[in-house]
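Okay, so here's the structure we're looking at.
The values are calculated or read from the model by the stated rules, or taken from the named source; none is laboratory data. Fair warning: this is a prediction, and the values are worked out from it, not measured in the lab. Cβ placement follows ideal geometry from the backbone for every residue including glycine, while neighbour counts extend to all protein chains displayed.
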Amino acid sequence: MELRKYDQIDEIVYYEKLDNGLKVYLIPKKTYNKTYALFATKYGSIDNRFVPYGKEEYEIMPLGIAHFLEHKLFETKEGIDAANILTNLGAQANAYTNYTTTAYLFSTTDKVFEALNVLLDFVQEPYFTDENVAREQGIIEQELKMYLDIPSEQLRLGLLKNMFKEHYINQDIGGTVESIKEITKEKLYTVYETFYHPSNMVLVVVGNFDVNECIKTIRNNQQNKQFHPITNIKREYLCEDNQVVNSYGEVKMDILMPKVAVGLKLPYEGLSGEELLKQELLLKILLEDVFGTTSNNYQEMLDKELITRSFSTNIFVEQTAGFLMISTDTLKDDEFANYVKEKLLSLNSIKMSKNNFNRYKKVILGNFIKSLNYLEYIANSFIYYHFKEVDIFKVLDIIEKLTYNDLKLLEKYFVKKAISIFKVLPKNIVKQ
């Protein structure tokens, strides 16, 4: 094992890359009672166009298949739910799928290595049949229909469809009622064989455990399994510039107060690693200055009753797509949308003070350091940064190196063609 020390934040990480390509990171925390383990693959909802293992041509998979596969892996050959097995060991299990990642996890205070074996086994022993796939289609169909009735979900998805024409980010992570009907056991195995090879996966264990016993458990578990040879996965994304598809859109639902979102589409620029993270951090600082709770604009929006407590700003930055989203519930939907749009367009010439820049930079630093006290944050953020080709424990250095002049790099993004507005309006609304 390789020992990595980070003296600045007093962290130690043990790293080993197994013969099958699996990357293992062990982060001991002897002062904690709990242990948190996360087993993740670099495969999410936008990875729908790729060359399957053993083939030469690109294929397109049904929308939502990554999320569908996440659900199915919990079902063992014996018909037992793996989550129940972990519960019987005293561990809490969960999983999630996002645009770029699928992860399986547990937290426990006891029987860590037994739980670790269960986690590795159920993720690496898929069992799909025509019957259990059909049963899952019914379950997920109900889940998708439920999301159709959630106004905040319709607001987010509506804005993304307004901004992106072809990139799969404009689709619900769970797919559609129509797309999941196209999923078969054969397609699930195709996806699994391509993306669930250990070489495309990462295992992170953080908490109170014996490091030597832990790596021994993982090695023994993996040595008893057979995997196909390591290959490079070929994926294709329909990347776009910052021209939105529609500058405005709306839908009506059974709600009392309008929901409004203003989005800014970021262009694909081929950024990765530290450059991509640098862009994300600078955008966070900028949005904090313009729309943060201590900003003059925020106070003005409150005074004019343009926003409610639901007001939020969100930043999504990945290698193939990115956007900003500013949203709120408000009775003054037009005024809010116009106000935010005006402020965004004014950022083509950024006038933030150096004092504010340094202050917000310190806030980000402080929040990041404070978050490292939570095992769940460490494990999930470790994966988040790892798949962005960044070491989480070097993020502090990247933040500290940001300079005021770096803000100039952002000005090109704030143009009219990149902005879109989407609203969820009450069905009975009457405009005067």
Q) Where in segment 169-266 are there strands (runs of 3 or more DSSP E), lying fully within it, with 2 or more residues that are outside the structural domain of residue 66 (by TED's automatic domain parsing)? A) 248-253, 259-266
Q. Across segment 301-348, which residue is nearest to residue 259 (Cα to Cα) among those that are free of Cβ contacts under 8 Å to residues at least 24 places away in the same chain and acidic (Asp, Glu)?
A. 334
Q. Is at least one residue of segment 423-432 at pLDDT 95 or above and over 26 Å from the mean Cα position of the chain (by Cα)?
A. yes
Q | All positions within segment 145-172 that are of a type in the set (A, V, I, L, M) and surrounded by fewer than 18 Cβ atoms within 10 Å (Cβ to Cβ) | A | 146, 148, 150
Q: Those residues that are farther than 14 Å from residue 311 by Cα and among the basic types (Lys, Arg), I need them from segment 326-343; list them, please.
A: 341, 343
Q: Filter segment 117-131 down to the residues that are in contact with a helix residue (DSSP H, G or I) (Cβ under 8 Å, 6 or more places away or on another chain) and loosely packed, with under 14 Cβ neighbours inside 10 Å, then identify the one that is farthest from residue 78 (Cα to Cα).
A: 130
Q) Just wondering, is there one or more residues in segment 269-282 that are without any contact (Cβ under 8 Å) to a residue 12 or more places away in the chain and closer than 23 Å to residue 147 by Cα? A) no
Q. Right, residue 264: touching a helix residue (DSSP H, G or I) at 6+ places or on another chain (Cβ under 6 Å) and either under 21 Å from residue 418 (Cβ atoms) or surrounded by 17 or more Cβ atoms within 10 Å (Cβ to Cβ) (or both) or not?
A. yes
Q: Mind listing just one residue for me: the one in segment 323-363 that is surrounded by 17 or more Cβ atoms within 10 Å (Cβ to Cβ) and among the β-branched types (Val, Ile, Thr) and, of those, farthest from residue 265 (Cα to Cα)?
A: 330
Q) From 250, 236, 193, 186, which residue is more than 30 Å from residue 159 (Cα to Cα), touching a residue at least 12 places away in the same chain (Cβ under 8 Å) and of a type in the set (D, E, K, R)? A) 193
(Q) Going through 320, 313 one at a time, which residue ends up being polar (S, T, N, Q), in contact with a His (Cβ under 8 Å, 6 or more places away or on another chain) and at pLDDT 95 or above? (A) 320
Q. What is the number of the single condition among (1) under 30 Å from residue 327 (Cα atoms); (2) among the hydroxyl-bearing types (Ser, Thr, Tyr); (3) more than 24 Å from the chain's Cα centre (by Cα) that residue 176 does not meet?
A. (3)
Q. Any idea how many residues of segment 340-392 are among the β-branched types (Val, Ile, Thr), assigned to a loop (DSSP other than H, G, I, E, B) and over 21 Å from the mean Cα position of the chain (by Cα)?
A. 1
Q) Regarding residue 6, is this residue at pLDDT below 95 and assigned by TED's automatic domain parsing to the domain that holds residue 116? A) yes
**Q.** Residue among 136, 153, 125 that is within 24 Å of residue 43 (Cα to Cα) and touching a strand residue (DSSP E or B) at 6+ places or on another chain (Cβ under 9 Å)
**A.** 136
Q) For segment 51-69, which residues satisfy the criterion of being in contact with a Ser or Thr (Cβ under 7 Å, 6 or more places away or on another chain) and surrounded by fewer than 21 Cβ atoms within 10 Å (Cβ to Cβ)? A) 52, 53, 62
(Q) If the requirement is being touching a strand residue (DSSP E or B) at 6+ places or on another chain (Cβ under 6 Å), at pLDDT 95 or above, of a type outside the set (Phe, Trp, Tyr) and farther than 26 Å from residue 255 by Cβ, which of these qualifies: 383, 326? (A) 383
